[in-house]
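Undergrad: Input: one structure, supplied below.
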Amino acid sequence: MDNVLFVMNMQDMYAGKNRNKEKYSYNAEDLLNKINKRIAEYQPEEVFYIKSIGKGLFKGALPKDGSKDSELASTLKIVSKNIYSKGKPDCFTNDALRDFIRARNVKEIEFVGIDTGEEIGKTAFTATEDMEIKVVYNEMALITIDPDKASKYREKLRKTRVTFKQDW
């Protein structure tokens, strides 16, 4: 397993039909269609779904584990059981995910989905700097909720092994 796809935050809260459309005003249906096309290009075992879950007293605006908001969007193509939750921005704070990616000797991670502003950046930084994995930001299938935060990470990542893909 050399290349994998990380599908980020495609939960009901961010991409579902009943999401807060004022707060999350992007075209979620179009995004879901693009992501489903990318999922179809990978083998099922190469697709990883990453969910942000609020934990503890200070969970902020993240959905609570087990709630409707925390479920993956109903129109998202689910092809594997590689579903991981995280309570911090960096996906690799989830030890099970980090260990699995290392054990499989992954060489490249493509990111699609919804970036709340810093989580793809922080995960990409860990992947490139600590794990020596190449990262692809697929901007055709990626929405950023907080572009200001995201741009700081993108500038930092342009100096690492990150490719910003704008078509496929």
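Every number in this text was worked out from the coordinates using simple rules, so none of it is lab data. In this text, all values refer to a predicted model and were calculated from it rather than measured experimentally. So basically every Cβ, Gly included, is an ideal-geometry build from the backbone, and we count neighbours across all protein chains shown.
Undergrad: Divide by every residue of the chain the summed helix terms, -39500 (n - 2.57) for each DSSP H run of at least 4, and state the resulting mean residue ellipticity at 222 nm, rounded to the nearest 500 deg cm²/dmol. Walk me through the numbers on the way to the answer.
TA: Working: 5 runs with 44 residues, N = 168.
My calculation for the chain gives -7500 deg cm²/dmol from helical runs alone.
Undergrad: Under 27 Å between alpha carbons, and skipping anything fewer than 8 positions from residue 37 in its own chain: which lysines qualify?
TA: 17, 21, 23, 51, 68, 77, 81, 86, 107, 122, 134, 165
Undergrad: Okay, next question. Which whole-number percentage describes the relative contact order of the chain, with Cα contacts under 8 Å and a sequence gap of 6 or more? Walk me through the numbers before you get to the answer.
TA: Working: 300 pairs, mean separation 42.7, N = 168.
25 percent.
Undergrad: Using +1 at the C-beta of Lys and Arg and -1 at the C-beta of Asp and Glu, which of 79, 18, 136 has the Cα lying farthest in the positive direction of the dipole of the chain?
TA: Final value for the positive-end residue is 18.
Undergrad: Here's a follow-up. In the P(r) worked out for segment 125-168, what percent of Cα pairs fall beyond 12 Å? Before the final figure, lay out the partial values.
TA: Values: 591 of 946 pairs.
The answer is 62 percent, as a whole percent.
Undergrad: Additional query: Between beta-carbons, use under 11 Å as the cut-off and find the net charge around residue 102, counting Lys and Arg +1, Asp and Glu -1. Display every interim value, and only then the final one.
TA: On the way: positive: 98, 104; negative: 95, 99, 130, 132.
So the surrounding residues net to -2.
Undergrad: Calculate the length of the line joining the C-alpha centroid of segment 144-162 to that of segment 78-105, in whole Å.
TA: 21 Å
Undergrad: May I pose another question? Report, in debye and to the nearest 20, how large the dipole of segment 10-57 comes out about its Cα centre when Lys and Arg carry +1 and Asp and Glu carry -1 on their Cβ.
TA: On the way: 9 positive and 7 negative charges, 51 e Å.
Its charge dipole is roughly 240 debye.
Undergrad: Let me ask you something else. Using a 10 Å cut-off on Cβ atoms, rank the peptides 118-128, 133-143 from the highest mean neighbour count down. Could you put the intermediate results ahead of the total?
TA: Values: 118-128: 22.8, 133-143: 20.5.
Final packing ranking: 118-128, 133-143.
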